[in-house]
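Before any comments, here is the structure.
The values are calculated or read from the model by the stated rules, or taken from the named source; none is laboratory data. What you see is a predicted model, and the numbers here were worked out from it, not measured in a lab. Backbone-built Cβ (ideal geometry, glycine too); neighbour counts: all protein chains shown. In case anyone asks, the SASA skips ligands and DNA or RNA and just uses the protein heavy atoms, side chains included. Shrake-Rupley method; radii C 1.70, N 1.55, O 1.52, S 1.80 Å.
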Amino acid sequence: MTEWFAQWFNEDYLELYPHRDEAEADRLARLVAAATGLAPGWRVLDVACGAGRHARAFAALGARCTGVDLSATLLHRAREAGTGALVRADLRRLPVRPGAMDLTVNLFTSFGYFADDAEHEAALAEMVGTVRPGGWFALDFLNAASVRAMVQAGEAPRDAGTGRHQVQRALSPDGRHVEKVITTDDGRRFLERVRLFSPAELESMLGAAGLAVHARYGDYAGDALQAGSPRVILVGRRG
């Protein structure tokens, strides 16, 4: 059976999130750069780079950035936008020499997609493994507590993106996943399903992968991570 993320990340996905733009990517890249001391010439790997907006933001800061994504559609859009080096690959099997990067990033909730937690642990270990000793890894994930609160408050279906998509979110019966059903105006349906990891769970998995978290943010402005923060942004250093 085809995994949901192998089908969904297409032109419809880009239409659903038009507000996720270059300016937002620049804010996040600058936040990560300040936390890590990023310097011109650093080798940066953007895992699940999508259409390349974060990769371009890091390149604008002087990094030598490589983007990796599974979606041929999104990589095509990244190339059209002038993104640098791009590779098509699954983040669970990165074609990158271990310890080759100064900084690896996984941004905009490009994680939590898999069938079981063992795969999530292995995926984080794979990403952290691309970083040199003393190098950095940054993870930008949804805040599970905030998502649960919004969904439990009883969201109604809503139009999103260009208005061609109706979106309805729900928690899985066990409460461990948020599931988003996207219906297009021509009747096609797509699914997003993301594991709701708490910040403590994410830090535990990162620690097991050999990373010590040095900074914790709750949004792209760099505010401290709190229970009601919209994001969980963890920046750590490999031992």
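Enumerate the pairs (first residue in segment 201-213 and modelled with pLDDT of 95 or more; second residue anywhere and of a type in the set (Phe, Trp, Tyr)) with beta-carbon separation below 7 Å, excluding pairs fewer than 6 apart on the same chain, so at least 6 apart or on different chains.
From residues that are modelled with pLDDT of 95 or more, the pairs are LEU202/PHE141; LEU211/PHE137.
Which of the residues spanning segment 81-123 are crowded, with 18+ Cβ neighbours inside 10 Å and farther than 27 Å from ALA60 by Cβ?
Within segment 81-123, GLY112, TYR113, PHE114, HIS120, ALA123 qualify.
Does any residue of segment 147-166 turn out to be closer than 27 Å to GLY239 by Cβ and either at pLDDT below 95 or among the acidic types (Asp, Glu) (or both)?
no
Which one of ARG216, ARG132, ARG231 is open to solvent by 50 Å² or more (accessible area, probe 1.4 Å), charged (D, E, K, R), closer than 21 Å to VAL32 by Cβ and touching a residue at least 24 places away in the same chain (Cβ under 8 Å)?
ARG132 is the lone residue from the list that is open to solvent by 50 Å² or more (accessible area, probe 1.4 Å), charged (D, E, K, R), closer than 21 Å to VAL32 by Cβ and touching a residue at least 24 places away in the same chain (Cβ under 8 Å).
VAL232 fails exactly one of the following numbered conditions: (1) over 22 Å from GLU179 (Cβ atoms); (2) touching a helix residue (DSSP H, G or I) at 6+ places or on another chain (Cβ under 7 Å). What is the number of that condition?
(1)
Quick check on my filter: what residues within segment 27-45 are in a helix (DSSP H, G or I) and either farther than 14 Å from ASP140 by Cα or in contact with a Ser or Thr (Cβ under 8 Å, 6 or more places away or on another chain) (or both)?
ALA34, THR36
What number of residues within segment 35-73 are surrounded by fewer than 18 Cβ atoms within 10 Å (Cβ to Cβ), of a type in the set (Ser, Thr, Tyr) and at pLDDT 95 or above?
Total meeting the criteria: 0.
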